[in-house]
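**Student:** Quick one: the structure is below, questions incoming.
The values are calculated or read from the model by the stated rules, or taken from the named source; none is laboratory data. Just so we're clear, the structure is a prediction, and the values are computed from it rather than from any experiment. With ideal geometry, Cβ positions are generated from the backbone for all residues, glycine too; neighbour counts draw on all protein chains shown. Ligands, DNA and RNA are stripped out before the accessible areas are found, and what is left, the full protein with its side chains, is counted by its heavy atoms. Shrake-Rupley method; radii C 1.70, N 1.55, O 1.52, S 1.80 Å.
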Amino acid sequence: MAEEELISKKEVLELTGISYGQFYRWKREGLIPESWFIRKSTFTGQETFLPKRKILERIEKIKALKDKRSLEEIAQLLSPELKDRRFEREEIIGLGWLSREVLEYYEAIRKESGPFSFRELIILAVIEALRKHELDPDELNLAVSTLVTSDFAKLQAREFNWMLAIARKELPGSFALTGRKPHLSFCALYTQECLFDPQTQVITRLELNKVLEDVKLKLGAL
């Protein structure tokens, strides 16, 4: 298969007559996929390139629609929602970025083995990311229950940068039996800075927008 022809960002702006600001606004709004931006070394340094046919066709579509529809509506038209898609268990395993342990853990909570919704795929990706941190089982369960009961439409909103934080507050008491000090665990979802009292230790923070974008990239949906 022939390699796809690329075009520099500068050439895109010149050929289409759009401004730098407009181009990057469309990118921020999800009209131009992040995965199309390719950094390459040239004799003048690092430059950004994009797949020529795709980007020129995409910009023509955006220009034809922008006077009739909002940018959010155009984004929906150009990148169909994954919300109604269902993913079979073996399909998820075949993607190669979710472990069987994570699937089995979530299935035990869910009490069935599939198929999974796109929302659940995001939850699975969060669980996979949280496994890299030293969390108690109860803390992982707390994070999952927080996500399961959250408003997923709000979490997907591009204008917000959602964070998930897990924190602990140590309690007075003996830890001879458990080998560690007793503590309370908290899970918070927030879009701006979240302040805990000085006696509370934040164990981990996770940027949910990045998880969402990574999952879409891996699915080829961006």
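**Student:** Could you give the length gained on full extension between Glu193 and Lys66, defined as 0.36 nm per residue of separation minus the Cα-Cα distance, in nm? List each step's numbers first, then the result.
**Tutor:** On the way: separation 127, 0.36 × 127 = 45.72 nm, distance 3.41 nm.
Stretched fully, the Glu193-Lys66 segment lengthens by 42.3 nm.
**Student:** Which of the chymotrypsin sites (Phe, Trp or Tyr not before Pro) across the stretch 8-66 are loop residues per DSSP, with 16 or fewer other Cβ within 10 Å?
**Tutor:** Values: sites: Tyr20, Phe23, Tyr24, Trp26, Trp36, Phe37, Phe43, Phe49; in loops: Phe37, Phe43.
Here the sparse-neighbourhood loop sites are Phe37, Phe43.
**Student:** Turning to a different aspect of this structure: Among (1) 18.6, 59; (2) 21.7, 71; (3) 16.7, 54, which one is Rg and Dmax of the Cα atoms in Å computed from these coordinates?
**Tutor:** This structure yields the entry labelled (2).
**Student:** Please give every one of the aspartates and glutamates within straight-line cross-link reach of Lys68, meaning a C-alpha to C-alpha distance under 17 Å, and leave out same-chain neighbours fewer than 8 residues apart.
**Tutor:** Answer for Lys68, where 17 Å is the Cα cut-off: Glu29, Glu60, listed by chain and number.
**Student:** On a 1.4 Å probe surface of the protein chains, which of Asp214, Asp151, Asp138 comes out largest in accessible area, and what is the full order?
**Tutor:** On the way: Asp214 50, Asp151 80, Asp138 115 Å².
From most exposed to least exposed: Asp138, Asp151, Asp214.
**Student:** Also: For the chain, what is the relative contact order in percent, using Cα pairs closer than 8 Å and at least 6 residues apart in sequence? Intermediate results must be reported in sequence, preceding the final value.
**Tutor:** Values: 230 pairs, mean separation 35.5, N = 222.
Once divided by the residue count of the chain, the mean separation gives 16 percent.
**Student:** Hey, another quick one. What FRET efficiency comes out for the pair His133/Trp97, r = Cβ-Cβ distance, R0 = 22 Å, nearest 0.05?
**Tutor:** Numbers: r = 18 Å, r/R0 = 0.80.
So the FRET efficiency works out to roughly 0.80.
**Student:** Where the accessible area of the chain is counted over protein heavy atoms with a 1.4 Å probe, how much of it, in %, is carbon and sulfur?
**Tutor:** 50
**Student:** Accessible area of Arg110, 1.4 Å probe, to the nearest 10 Å²?
**Tutor:** 50
**Student:** Students often check this: by mean Cβ neighbours within 10 Å, which of 199-206, 120-127 ranks highest, and how do the rest follow? Write down the numbers at each step before the final one.
**Tutor:** Details: 199-206: 14.2, 120-127: 21.2.
In descending order of packing, they fall as 120-127, 199-206.
**Student:** Students often forget the sequence filter, so: which lysines lie under 20 Å Cα-Cα from Lys132 once same-chain residues fewer than 8 apart are removed?
**Tutor:** Lys132 reaches Lys210, Lys218.
**Student:** May I pose another question? Which lysines does Lys169 reach when only Cα atoms under 20 Å apart count, and residues fewer than 8 places away in its own chain are ignored?
**Tutor:** In chain and number order, the partners are Lys181.
**Student:** Another question, then. So what is the calculated 222 nm ellipticity per residue for the chain, using -39500 (n - 2.57) for each DSSP H run with n of 4 or more, over all residues, to the nearest 500 deg cm²/dmol?
**Tutor:** Working: 10 runs with 99 residues, N = 222.
My calculation for the chain gives -13000 deg cm²/dmol from helical runs alone.
**Student:** Could you compute how much accessible surface Lys27 exposes when probed at 1.4 Å, giving the result in Å² to the nearest 10?
**Tutor:** About 50 Å², rounded to the nearest 10.
**Student:** Considering only protein heavy atoms, what per residue accessible area in square angstrom results for the chain with a 1.4 angstrom probe?
**Tutor:** Details: 13660 Å² over 222 residues.
On a per-residue basis, 62 Å².
**Student:** Also, I was wondering about something else. Quick one: Cα centre-to-centre distance for the stretch 1-58 and the stretch 108-138, in angstrom?
**Tutor:** Cα centres, the stretch 1-58 to the stretch 108-138: 35 Å.
**Student:** Apply the a/c threshold of 1.5 to the C-alpha gyration tensor of the stretch 36-120 and tell me whether it is rounded, prolate or oblate.
**Tutor:** Values: a/c = 3.94, a/b = 1.63, b/c = 2.42.
It comes out oblate by the Cα gyration axes.
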